[in-house]
1. Looking at this structure, is Asn115 closer than 26 Å to Ile280 by Cα and either open to solvent by 20 Å² or more (accessible area, probe 1.4 Å) or touching a His at 6+ places or on another chain (Cβ under 8 Å) (or both)?
2. Scan region 67-108 residue by residue and report those that are touching a Pro at 6+ places or on another chain (Cβ under 9 Å) and buried (at least 17 other Cβ atoms within 10 Å of the Cβ).
3. Of all residues being in contact (Cβ under 8 Å) with a residue 40 or more places away in the chain, in a strand (DSSP E or B) and over 19 Å from Ile135 (Cα atoms) in region 58-81, which is nearest to the chain's Cα centre (by Cα)? Just the residue, please.
4. With the requirement that a residue be surrounded by 19 or more Cβ atoms within 10 Å (Cβ to Cβ), over 20 Å from the mean Cα position of the chain (by Cα) and not hydrophobic (A, V, I, L, M, F, W, C), what does region 295-324 give you?
5. Can you list the strands (runs of 3 or more DSSP E) found entirely within region 172-228 that contain at least 2 residues being modelled with pLDDT of 80 or more?
6. Is it true that Asn115 is modelled with pLDDT of 90 or more and either β-branched (Val, Ile, Thr) or within 24 Å of Phe172 (Cβ to Cβ) (or both)?
7. How about region 129-156: which of its residues are open to solvent by less than 30 Å² (accessible area, probe 1.4 Å), in a strand (DSSP E or B) and under 30 Å from Thr119 (Cα atoms)?
8. Quick one: in region 240-284, of everything that is over 12 Å from the mean Cα position of the chain (by Cα) and crowded, with 20+ Cβ neighbours inside 10 Å, which residue is modelled with the lowest pLDDT?
Amino acid sequence: MRLLSPVTGSKLVLLFLFLGAVRSDALKLNLTDSKGTCLYAEWEMNFTITYEALKVNETVTITVPDKVTYNGSSCGDDKNGAKIMIQYGSTLSWAVNFTKEASQYFINNITLSYNTNDTKTFPGAVPKGILTVIIPVGSQLPLGVIFKCSSVLTFNLSPVVQHYWGIHLQAFVQNGTVSKHEQVCKEDKTATTVAPIIHTTVPSPTTTLTPTSIPVPTPTVGNYTISNGNATCLLATMGLQLNITEEKVPFIFNINPAITNFTGSCQPQTAQLRLNNSQIKYLDFIFAVKNEKRFYLKEVNVNMYLANGSAFHVSNNNLSFWDAPLGSSYMCNKEQVVSVSRTFQINTFNLKVQPFNVTKGEYSTDVVSAPLAYLVPGEARRECWNPCNWSYRWQ
């Protein structure tokens, strides 16, 4: 197996790519149920993995052949998600999961596990057993349409670079028949060449596309509860979308509550909510009391990995968002932007927070809604009057 250097960059890339020695054949899966086909997928992929060896780090490209097993793959339904699972001997396993919502479905996460104890694939590796990398995708596709993408899509999350191309995909197939209606990826529409060409060297990219080339759906709303002893002290409900512009192009990342952990703490004058998952080491929301009468979002800290594997961290302890009286909750059902720094902002959706004076584990019926902050005694919900793209501050 010929060694490759890692591919860098946080971009979806169209490459005239791949060594002739590592060419892979198309994978094809046609799951059926009583009505006929329920999930159809055809695609090609390979993985460039950097691993720890005895003296220096080594890099190897694993080509996934067409002869694999698909144990655990399932069609899914209105209540259960669909998934494709692949096993390549004891060396590698791969999975992608889908969820359906109304007339659309989501490609949620790609999970790759590889076994560095396989000395044939990872010669000289320090044995660490099975290692796993999870890529949060978050792409949204319509039901009743087959998705096609000939261009090479590259996901780079250290220490693995993943390449996908020649994609034909339809999850939650309706009426047992693969659709003749197509949705072509944006990369194919902008590319001058739509199929990868096999070379014996790796030329430079011909087209560079931003991480926002794939439409980013509205994030799923998560519910977060922090307790102090047996009593709930902080409540938060919100969909979170992270926007990073450290590089020349923006990187947008939706937080999936289903795979995100949370912790926190409550003090008389401050309260903290911390989120973390496989890509986010921590995302802190820190609230403070002002003039013994009001609370507000004072500080946000983030430390996470970008798509190219590099670390990104920002802190700002001089914010003034989500201002409301103590004993009430702050709410905004529409999209709101929290500008943390020049390179980092958080877009919130269906936001509701109460970091202090929580009674009986429930939100207060007194609600402050942005941007025209107002109290609504006896009501737990009220739509914002205008898009909440700025913070109203009581004087």
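1. yes
2. Matches in region 67-108: Tyr88, Tyr105, Phe106, Asn108.
3. Among those that are in contact (Cβ under 8 Å) with a residue 40 or more places away in the chain, in a strand (DSSP E or B) and over 19 Å from Ile135 (Cα atoms), it is Ser74.
4. Matches in region 295-324: Tyr296, Lys298.
5. Answer list for region 172-228: 182-184, 221-228.
6. no
7. Across region 129-156, the qualifying residues are Val133, Ile135, Leu153, Thr154, Asn156.
8. Ile244
The values are calculated or read from the model by the stated rules, or taken from the named source; none is laboratory data. Just so it is clear, the model here is predicted, and its values are computed rather than measured. Neighbour counts run over all protein chains shown; Cβ positions are idealised from the backbone, glycine included. Please note that ligands, DNA and RNA were not included when accessible areas were found on the heavy atoms of the full protein model with its side chains. Shrake-Rupley method; radii C 1.70, N 1.55, O 1.52, S 1.80 Å.
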